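The values are calculated or read from the model by the stated rules, or taken from the named source; none is laboratory data. Here the structure is a predicted model, which is why all the values come from computation and not from measurement. Glycine gets a Cβ as well: all are built from the backbone with ideal geometry, and neighbour counts include every protein chain shown.
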Ligand SMILES: [Zn+2]
């Protein structure tokens, strides 16, 4: 290796490390965030829409949910430019995130994502309006973790992932637990914990859905362990 090539590689390496340090400092985990209270945010929607509404379309009138979306989004600066729609739909979970249909016809960077929020109280899952504002922030943060994961996958990888997620319970559990961990690493551990605790103690949730959540997502104890390991 010539001296020039060596020096070039050395500076590239130096560059890389200083860059990754910069990235790291952007995502410092401060999990001891205060509990988010709706009262303190209820007048802030115009501010959030102006500064963080780029490529986001929330087709739900509920002010609390809209604000929870933006408060959670501020924990995910990586998603600031990503196209997302949020819609009410009758689904079997409280919320779900997926690429929009026809994603195969778009390039990875132009992909659009969809968050569905269960619209019926009578459904199996947890009704979003029953959750506190703070819990909604955590719940949406979990969906953002899925979207972040999707943005990092090529179309081919996404196809493989979807087929595995649908067909393998092991893959489902791995994906859901990882989404919880990513939300915790984005500073939303407390929010997630509040939602899960409420969920576990809510008799309105069907037993089947409660059991599903217990087997596929992090338990309150596991969330607390993750928080202790990952938070400042
Ligand atoms: Zn999930």
*Being within 16 Å of the ligand (Cβ to nearest atom) and in a helix (DSSP H, G or I) is the filter here, so list the residues in segment 212-232 that pass it.*
212, 213, 214, 215, 216, 222, 223, 226
*Considering segment 143-167 alone, what residues qualify as being assigned to a helix (DSSP H, G or I), closer than 21 Å to residue 183 by Cβ and in contact (Cβ under 8 Å) with a residue 24 or more places away in the chain?*
143, 144, 145, 146, 147, 148, 149, 150, 151, 158
*Kindly establish whether residue 121 is modelled with pLDDT of 95 or more, exposed (fewer than 15 other Cβ atoms within 10 Å of the Cβ), closer than 26 Å to residue 70 by Cα and away from the ligand (no atom under 12 Å from the Cβ).*
no
*Within segment 110-138, can you find the residues that are in contact (Cβ under 8 Å) with a residue 60 or more places away in the chain and in contact with a strand residue (DSSP E or B) (Cβ under 6 Å, 6 or more places away or on another chain)?*
125, 128
*Members of segment 41-97 found to be within 16 Å of the ligand (Cβ to nearest atom), buried (at least 19 other Cβ atoms within 10 Å of the Cβ) and over 18 Å from the mean Cα position of the chain (by Cα), listed by number*: none
*Report whether or not residue 151 is under 23 Å from residue 114 (Cβ atoms), under 20 Å from the mean Cα position of the chain (by Cα) and within 15 Å of the ligand (Cβ to nearest atom).*
no
*Which residue, of 188, 193, 172, 158, is touching a strand residue (DSSP E or B) at 6+ places or on another chain (Cβ under 7 Å) and either at negative phi or surrounded by fewer than 18 Cβ atoms within 10 Å (Cβ to Cβ) (or both)?*
158
